[in-house]
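Below you'll find the structure, written out as structure tokens, and then a few comments.
The values are calculated or read from the model by the stated rules, or taken from the named source; none is laboratory data. Every value quoted in this text rests on a predicted model; they were computed, and no experiment measured them. These accessible areas exclude ligands, DNA and RNA; they are computed on the full protein's heavy atoms, side chains included. Shrake-Rupley method; radii C 1.70, N 1.55, O 1.52, S 1.80 Å.
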Amino acid sequence: MQNNRIIVGISGASGAIYGVRAIDLLNAAGAEVHLIVSKAAEITLHDEGLGAGKDLATKVHTAYKLGDIGANIASGSFKTQGMIIAPCSIKTMSEIATGVTSNLLTRAADVQLKERRPLVLMVRETPLHYGHLETMSRLTQMGAIIFPPVPAFYSGLTSIADMVDQSVARALDLLGVEIPILRRWGDKN
């Protein structure tokens, strides 16, 4: 891995465990993790029994305040390997798609797109209406990767923790991060 800086964003959709596990797996892989947690994600982290953003801040290289638009990750000159937003709410996804970013989370995502770096969005809301699908299509055309956390049952997963880890490992794989626990089709694990 030539540049091991990864930005992890956690937005307010249910499934904050995806962001928490992304941090854990990136740390285990030796990545330099930069974290942004939205205000709604703070509520979700609490409601889902995962602590608070300040608890996660102790597990990363740098944690940023949502309103810190002047942070280094808001600039294309700050090289990263890419960014994952896990989970990604429809609100966050929609803001990124318009390019009218109002906080550091969506600004950092916008920077990844303009610099042609990978941006993986673990969109976690359903059902979807036409506008959501149209927005996903627009983001895909802009270079983002829409990655809903759908379990891969062929992988012999036996618990919710296994399903979360498999989804997150697959998403991180798209950023070029090798995660040893990833179960690949046809591999004997």
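What the table below lists for this structure:
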quantity: Sequence of ARG184, ARG21, ARG116 from largest to smallest accessible area, 1.4 Å probe; calculated: ARG116, ARG184, ARG21
quantity: ASP24 - accessible surface, heavy atoms, 1.4 Å probe, Å² rounded to 10; calculated: 40
quantity: Volume per residue that the Cα convex hull of the chain spans, once the total is divided by residue count, Å³; calculated: 118
quantity: Vicinal HN-Hα couplings computed from phi for region 139-149 (Karplus, 6.51 cos²θ - 1.76 cosθ + 1.60; Hz; Gly/Pro x); calculated: 5, 4, 5, 7, x, 6, 10, 8, 10, x, x
quantity: Rounded to whole Hz, the Karplus (6.51, -1.76, 1.60) HN-Hα couplings of region 5-15, x for glycine and proline; calculated: 7, 10, 8, 10, x, 10, 9, x, 5, 4, x
quantity: Expected 222 nm ellipticity per residue - DSSP helices of 4 or more, -39500 (n - 2.57), all of the chain, to 500; calculated: -11500 deg cm²/dmol
quantity: Angstrom value of the Kirkwood radius, inverse mean 1/r, which spans all Cα pairs in region 112-189; calculated: 13.9
quantity: Fraction of the pair-distance distribution of region 86-130 above 16 Å, Cα-Cα pairs, percent; calculated: 34
quantity: Using θ = phi - 60° and Karplus 6.51 cos²θ - 1.76 cosθ + 1.60, couplings along region 27-40 (whole Hz; Gly, Pro as x); calculated: 4, 5, 7, x, 7, 8, 9, 10, 10, 10, 10, 6, 4, 5
quantity: Under-5 Å amide H pairs with PHE147, H placed in peptide plane, nonlocal only; calculated: LEU121, MET122, VAL123
quantity: Amide H contacts of ALA63 (H built 1.01 Å from N, under 5 Å, at least 5 apart or other chain); calculated: LEU35
quantity: Average Cα contact separation per residue, region 78-146, under 8 Å, 6 or more apart, as relative contact order %; calculated: 40
